[in-house]
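**Student:** Before anything else, here's the structure in question.
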Amino acid sequence: MNFIVLDLEWNQSSKKAEADRGLHFEIIEIGAVRLNESRAMIGEFSRLVKPQIYHELHKITSKLIHIQMQELEQGKPFPEVFKDFLTWCGEDYRFCTWGPLDLTQLQQNMQFYGLEPLTGGPIPFLDIQKLFSIAFEDGKSRRALEYAVDFLNLEKDIPFHRAFSDAYYAGKVLAAIPQKVCSYLSYDLFNPPKSRVEEVKVTFDTYAKYISRVFPDKAAMLMDKEVFSSKCYICNKNLKKRIRWFTPNGKHYYCVAYCDEHGLMKGKIRIRKAEGNEIYAVKTTKFIGEEDLEIIKERREHAREQRKKRKRRK
């Protein structure tokens, strides 16, 4: 399998009256590098996209990437550039990006032009920004690309802030990340699972993730046993709750369960919106210590106090 390290530059309206034209961010440049299984760089892709929606560069875009509209007018329309890019990618590959946004923006532009979707469900990819944090920092921080390049003492031989150059540097960072860390897949959820068989269940070294199918509304989701189950992701046993599911804000749910063999397990559910009014759940579970248990107890008590205050106001 090859790794396609992708970076996009996009433009948006400079005028409020033009802000809603069916595509908030219009891609104006696609850059990528191809790495082989050994993560050696073996291919390059760099194309400008001729704007079809916004014919004036937003001041932030112009300042950041140092490009002129006259240059973009020499490019090809997005459908042509995307077709060339997909051909260049080949057949057996995995997308890699710096951060979680590029694949979503790519698919939004594809949808706007009526192009066939990349897939009918979530796309597994490597978020190199996250992997850098897991490998070299605390797993939670999110650094700028140039910070990572400096941290790893990588040579800076071309300027930053163009699609190809940022893909090039992200590829160099990926090549420096230990192979074991690269098992931590991320999932782009532009197209969430539509049925139970498409749901995502994956286990990593330190946590497990479950991405549910879409539900018509929150009430239907709350009735689903799989969404609110607590199973040990090591031994697969159904666990008893130490702290039942609670929500401090209606968007996130927390619980703590106990496995006789592996200890305390925290569950967290984030509710996400899909197209229309449909929703789906992203659940993560991980083992914690007594200190983390006390923090969750405090969070639960705070949520209870907030509910009481809201009731008194009514």
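The values are calculated or read from the model by the stated rules, or taken from the named source; none is laboratory data. Worth saying up front: this structure is predicted, and the values here are computed from it rather than measured. Neighbour counts run over all protein chains shown; Cβ positions are idealised from the backbone, glycine included. Ligands, DNA and RNA are stripped out before the accessible areas are found, and what is left, the full protein with its side chains, is counted by its heavy atoms. Shrake-Rupley method; radii C 1.70, N 1.55, O 1.52, S 1.80 Å.
**Student:** Equivalent-ellipsoid semi-axes (√(5λ), Cα gyration tensor) for the range 268-314, whole Å, largest first? Don't jump to the answer; show the numbers that get you there.
**Tutor:** Working: eigenvalues 126, 106, 3 Å².
Listed largest to smallest, the semi-axes of the range 268-314 are 25, 23, 4 Å.
**Student:** Kirkwood Rh, Cα Rg: Rg to Rh for the chain?
**Tutor:** 1.01
**Student:** For the range 265-314 and the range 97-123, what is the centre-to-centre distance using only Cα atoms, to the nearest Å?
**Tutor:** Answer, in whole Å: 30.
**Student:** Here's another thing I want to ask about it. What whole-number value in Å² describes the accessible area per residue of the range 1-150 for a 1.4 Å probe?
**Tutor:** 50
**Student:** With label points built 7 Å along Cα→Cβ from the Cα atoms of THR206 and ARG299, find their separation and express it in nm.
**Tutor:** Result for the modelled spin labels: 1.6 nm.
**Student:** So, R0 is 30 Å and r is the distance between the beta-carbons of LEU222 and LEU118; what FRET efficiency does that work out to, to 0.05?
**Tutor:** 0.45
**Student:** Related question: Could you give the C-alpha radius of gyration of the range 89-244 expressed as a fraction of 2.2 N^0.38 Å, taking N as the number of residues it contains?
**Tutor:** Cα-based Rg divided by the globular estimate yields 1.24.
**Student:** Accessible area of the chain with a 1.4 Å probe: how many percent of it is carbon plus sulfur?
**Tutor:** Exposed carbon and sulfur together represent 49 percent of the surface.
**Student:** May I pose another question? At 1.4 Å probe size, with every protein chain present, just tell me what the per residue accessible area of the range 164-218 comes to in Å².
**Tutor:** It amounts to 41 Å² per residue over the range 164-218.
**Student:** I would also like to ask the following. Run the simple label-point estimate for ILE234 and LYS268 please: 7 Å along Cα→C-beta, distance reported in nm.
**Tutor:** 2.0
**Student:** Rounded to the nearest 500 deg cm²/dmol, what is the calculated helix-only ellipticity per residue at 222 nm for the chain, with -39500 (n - 2.57) per DSSP H run of length n ≥ 4?
**Tutor:** Rounded to the nearest 500, the figure is -9000 deg cm²/dmol.
**Student:** May I ask you to work out the translational diffusion coefficient for the range 156-314 at 4 °C, viscosity 1.567 mPa s, via Stokes-Einstein with Rh from the Kirkwood sum over Cα pairs, reported in whole µm²/s?
**Tutor:** For these conditions, the coefficient is 71 µm²/s.
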